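Only one structure is covered here, and it is reproduced in the block below.
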Amino acid sequence: MKRTTISLPDDLAATVEREARRRRSSVSEIVRAALAAHFHLGGPRRLPFESLGSSGHRHTARDIEDILAREWVDAIDRDR
């Protein structure tokens, strides 16, 4: 696990600390959970091409292989 230092406004820091006490957890765990939820980590990953059928582009079917290749490369790069 990598340690990272962040600066929070006082009101946000107080909110995170209050939530940690409420959940009987650490501030680090609350922040990790919030970041994971924000970036949709830990659950099923949204398929980047799920709305291709309504893209508004005329050549989606013809270009599907190129589109999928680009989307998956981008998704793999984000996961690194």
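The values are calculated or read from the model by the stated rules, or taken from the named source; none is laboratory data. Treat the numbers as computed from the prediction; the structure is a model and nothing was measured. Virtual Cβ from ideal backbone geometry, glycine too; neighbours counted across all protein chains shown.
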Filter the stretch 4-20 for residues that are of a type in the set (Val, Ile, Thr) and closer than 13 Å to Ala34 by Cβ; the one that is farthest from the chain's Cα centre (by Cα) is Thr15
Quick one: which of Ala69, Ala75 is at pLDDT 75 or above and not aromatic (Phe, Trp, Tyr)?
-> Ala69
First in the stretch 43-72 and at positive phi and of a type outside the set (Gly, Ala, Ser), second anywhere and loosely packed, with under 10 Cβ neighbours inside 10 Å and modelled with pLDDT of 70 or more, Cβ under 8 Å, 6 or more apart | none
